[in-house]
Structures are given as C-alpha cells and as structure tokens.
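The values are calculated or read from the model by the stated rules, or taken from the named source; none is laboratory data. Note that this is a predicted model, so its numbers are computed, not measured. Please note: Cβ atoms are built from the backbone with ideal geometry, for glycine as well, and neighbour counts cover all protein chains shown.
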Amino acid sequence: MTKALKRIADQYNEMFSGLSATEILQKIIETHSAKAVFSTSLGVEDQVITHMLMQISQDASIFTLDTGRMFPETYEVLEKTEARYGMRIKVYFPDYKAVEHMVQTRGINLFYYSIENRKFCCQIRKIEPLKRALKGQEVWITGLRREQSPTRQDMRYAEWDEGHRIIKVNPLLDWSESQVWDFVRDNNIPYNSLHDKGFPSIGCQPCTRAVESGEDIRAGRWWWENPDTKECGLHKGK
Ligand code: SF4
C-alpha cells in the first residue's frame, strides 16, 4: 500500500503542476473522498483552501489543532468560517495528561528556555494530535506556500510524507501572498483579524509576534530561534 501511495504521489506531482488549485482539490476529492483531509490553521492561505473545498463538496473533511495556547482571534475566525459555510471544522486537542505532566515538570512557558523544550511542547500540543487526525488517511491537504519559509523551498505539489506515511498535497504551492489576498477579497472570505495587525503567520499566542513591514513572513514565529530551524514538526518534509 505504501509503495502504491508513493508512486501516486509522484504521478500527482507531475499532473498537478499544470492544474489550478481548485482543479487539484477536485481531483483529490473525487479520487480519495473520505480518505482525504485538510488541516487548517485558520490562517489566510488555509481560508482560501476551505473556501475552494466548500465549493467542491460540503462533506470535505477539515480539521484544526487547538493547542490550548491559541489567540482569541483564531477562535473567532473558526466560528465565522463554520457559520459562513454551514459546516463544522473538527477540532483536535492534545492529551490532557501529557500537557499536565509537561507543565508540572517544565513550566507553563517552557518553550522560551530551549529549542528542546519548544519542540517538546509542539510535540505534545500539535504533533501527537496531528498524528491522530491523519491516522488511516491517504491524502493530507495543506495551504503551504513555497515563499513562506526557507524550509519550504523544495516542496512539491504532491509529495510522500514519510513521517506521517501519507500523500501530502499543496495546491497553493506557487501562489504569491498578493494572489492569496486578492482571492480572499474577491470572494469575501472570513479571515483572522490579526492579519491586519502585522501578523502574516499566526500560530500559538506566546510563540507568535507581529512583524515589521519588509520583514520575512515567518519572522514572527519563534522569533528567538534561527530561521532555518523554525518548523514545528508538522511539516518537517520527507
Ligand atoms: Fe507550544 Fe509554542 Fe509549539 Fe504552541 S507553538 S505548541 S505554545 S511551543
């Protein structure tokens, strides 16, 4: 099964380079239906994908991870999105026992004190719930764009994710930031109000800050770390 899915990932990558983002999503939903899931962080790119999916099928499977450290604005856009499209986004939470143990042993804001602590927190609050969300699925749709981060330069439209053993599909891979915003405005899509306050990339509240104009779009995420290490492990690559 794994070999077959790896081969399909390569075939999709070739096929998808000539298709629009909506066409890519159509193909995925037609072929994999209930075995395809979209993980949304509720950031602006992900709102584009949610909108496209809802035009294709109201039954498209969409989930998000609630780490317990989100901004209030993120919950607001979650609620607005569900109201706009008349659907529910499935919310995955971390294992409460693991969170309690982590906070008891390392402190509530452990992530500021070492990269190891930060990765440990991401592991418990994001990666373990993500694994549960992806279990048994064939395709994982994301809203990642190449220009978002130095760690995303080698990404493909479709690729085999060895860590999660799933085909990862990135329909907005080569979209520019202005293309994303034009699409959002043209379609009146709800978006996180923090984007208007200098937050191009929005994660957990204690690990995200606003950026200055001209600064790298991921500069506000784990700003105390080296840019080349700044992935939370959700999108670590092949
Ligand atoms: Fe923890 Fe920060 Fe990672 Fe959120 S982004 S899971 S608060 S380390």
Quiz item: How many of the residues making up the stretch 162-172 are farther than 13 Å from Gln47 by Cβ and modelled with pLDDT of 95 or more?
Solution: 6
Exercise. Go through Pro190, Pro129, Pro94 for me and flag whichever is touching a Gly at 6+ places or on another chain (Cβ under 9 Å) and either within 16 Å of the ligand (Cβ to nearest atom) or not acidic (Asp, Glu) (or both).
Key: Pro94
Quiz item: Would you say Met70 is surrounded by fewer than 19 Cβ atoms within 10 Å (Cβ to Cβ), of a type in the set (A, V, I, L, M) and either within 16 Å of the ligand (Cβ to nearest atom) or not in a loop (DSSP other than H, G, I, E, B) (or both)?
Solution: no
Quiz item: Can you name the residue in the stretch 1-19 that is in a loop (DSSP other than H, G, I, E, B) and free of Cβ contacts under 8 Å to residues at least 60 places away in the same chain and is also farthest from Gln55 (Cα to Cα) among such residues?
Solution: Met1
